1. Just give the residues from the stretch A:17-45 buried by at least 30 square angstrom of accessible area in the all-chains context relative to the isolated chain, probe 1.4 Å, and say none if nothing qualifies.
2. Based on the Cβ-Cβ distance from B:Leu79 to A:Asn263, what FRET efficiency comes out when R0 is 45 Å, to the nearest 0.05?
3. Please get the size of the charge dipole for the protein assembly as shown, origin at its Cα centre, with Cβ charges of +1 on Lys and Arg and -1 on Asp and Glu, quoted in debye to the nearest 20.
4. Considering all projection directions equally, how large on average is the shadow of the alpha-carbon convex hull of the stretch A:5-49, in square nanometres?
5. Compare B:His210, A:His142 by solvent-accessible area with a 1.4 Å probe and give them largest first, with all protein chains kept in place.
6. For the stretch B:137-159, list whatever residues lose no less than 10 Å² of accessible surface once every protein chain is in place, relative to that chain by itself, with the probe at 1.4 Å.
7. Summarise the long-distance tail of P(r) for the stretch A:135-200 by giving the % of C-alpha pairs beyond 12 Å.
8. Could you point to the residue in B:Leu110, B:Ser267, B:Ile301 farthest towards the positive end of chain B's charge dipole, with +1 and -1 charges on the Cβ of Lys/Arg and Asp/Glu respectively?
Amino acid sequence: MPVLRWLRRHLIVIAGLLTLAYMILPNIVVMVFSFNKPNGRFNYAWQRFSLDAWTDPCGVADMCGSLSLSLQIATWATIGATALGTMIAFALVRYRFRARGAINSLIFLPMAMPEVVMAASLLTLFLNMGAQLGFWTILIAHIMFCLSFVVTAVKARVMSMDPRLEEAARDLYAGPVQTFVRVTLPIAAPGIAAGALLAFALSFDDFIITNFNAGSTVTFPMYVWGSAQRGTPVQINVIGTAMFVIAVLVVVAGQLITNRRKNSARP
Amino acid sequence: MTVTEAPPAPPQDPAELPVRKASTRKRLVPYWLLLPGILWLVVFFALPMVYQASTSVQTGSLEKGFEVTWHVQTYWDALSEYYPQFIRSLLYAGTATILCLLLGYPLAYLIAFKAGRWRNLVLVLVIAPFFTSFLIRTLAWKTILADGGAVVDVLNALHVLDVTSWLGWTENNRVLATPMAVVCGLTYNFLPFMILPLYTSLERIDGRLHEAAGDLYATPATTFLKVTFPLSMPGVVSGTLLTFIPASGDYVNAELLGSTDTKMVGSVIQTQFLRVLDYPMAAALSFILMAVVLLMVTVYIRRSGTEDLV
């Protein structure tokens, strides 16, 4: 049976591609249903083709407001977590000092904790402090849980850096600031960028921690959550599709830039 | 950079002073780098845990206020009342983790060894779905698994649903609002967390080891079992942790794709905290979940022998 033999030889490729299809299927559904004109409040069944949602993406109340709030929070959380996380990563890789083990576990723990536990405990803190829940409590929470991921991403990059490059810079009479800005930072940049991108994605998409600590403030994931009960506007699918397309474009652009750099670096 | 608060050095030979100052300055550098971030984690991660511990042994009500009375009974009440949700959470999360491993391994293997020049494209396809908000993607599963939809029709035609109904995974020839839908959603949502660590550890394996195994007359299956899989263990361990931990606390999938019979413990914590406002009960539940997960993770890491992972 040649068919069976072919199947056996390509078993891994077939299984892998099936998994890939499983992963992309919902994105395709989201995309297709962004062109739907639903009958009623929910956008779960196909009715007929329409471009309405694409020509008027902010046509539903409050959705674009929640989207812009999520973008603001994600931006500030990325800046905060990347700055704090990069400093920690450098300290952990470059220096030997006491309490290093304890600090390593303090950074690992937030990643090894179910989100709902962190969310609930942070809320008890805010309630005890009498803090007003909203923008600031969300931002504080997001910086907290993004921090560990940034540290991990930057650490990986800094660990693979050759310290002799910095020694060479110092031998050539570069001051500490000059060495850092001209040598250290450019080499660490891909790690920092990866950490920042991860922080942005995590913050923008977070629901559980935000749900606990947002009070009456509504971020985009919370808007989507609410819409699952009230009725889902097609515009949600438009935003989802746009995010997917933008992400693919950003990754492809990043690939092109690194490829060009590699090519120009060649003698 | 301004460096202050260096402990005043005792008066010394003036020629020696600058050197000593510089070394003190240098010794303090890591602490200055760590200070803001670690302070953030202590205040907004560690301290809240202490507050939660104290809340869990309080009694009282919203109107009269809560007080620490060392009422440990709450923990017992939480367990005896909500043990089905606990067991269900661990069961669903465990099943989803195993499914993620079974589904994710071939794809990670494909990217690491077989994709060739398509490698970057496939990696993009693995990561990119991430960027459509995961709530939107989970809602899309409602459409995919809907009654009378293509998936349910095919499963019905193949009599798969008869078997799964008999096993208690589905009900009345429908998938939505059953355990199967919740596990399907969990598996889907956490797959990338399995694939990426697997891929990283597979990619590090030297391809010549496969050739060597082949030269020593190992069949492909033996090569996989004796060479590839053991060498990918770090990826398997971190992948299963990254899948199991968040899945055990998740309530989004259970709420959107399940029914009241598929509620997970995260759901209970959320309801107790945000709707019932029984803070001691919510805190106790969340502490039990944390303890169970940390215990399982510790045992698992010990047994799989990759303690240097942490």
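The values are calculated or read from the model by the stated rules, or taken from the named source; none is laboratory data. Just so we're clear, the structure is a prediction, and the values are computed from it rather than from any experiment. No Cβ is skipped: glycine too gets one built from the backbone with ideal geometry, and neighbour counts run over all protein chains shown. Side chains included, ligands, DNA and RNA excluded: accessible areas come from the protein's heavy atoms. Shrake-Rupley method; radii C 1.70, N 1.55, O 1.52, S 1.80 Å.
1. With the partner chains in place, the stretch A:17-45 has these residues losing at least 30 Å²: A:Thr19, A:Leu20, A:Tyr22, A:Met23, A:Ile24, A:Leu25, A:Pro26, A:Asn27, A:Val29, A:Val30, A:Tyr44.
2. Numbers: r = 62 Å, r/R0 = 1.38.
Calculated value: 0.15.
3. Working: 40 positive and 31 negative charges, 377 e Å.
Using only the charged Cβ atoms, the result is roughly 1820 debye.
4. Values: hull surface 16.7 nm².
Computed as one quarter of the Cα hull surface, the answer is 4.2 nm².
5. Numbers: B:His210 45, A:His142 5 Å².
So the residues, ranked largest to smallest area, are B:His210, A:His142.
6. B:Arg137, B:Leu139, B:Ala140, B:Trp141, B:Lys142, B:Thr143, B:Ile144
7. Working: 1519 of 2145 pairs.
Of all Cα-Cα pairs in the stretch A:135-200, 71 percent lie more than 12 Å apart.
8. Projecting each Cα onto the dipole axis, the largest value belongs to B:Leu110.
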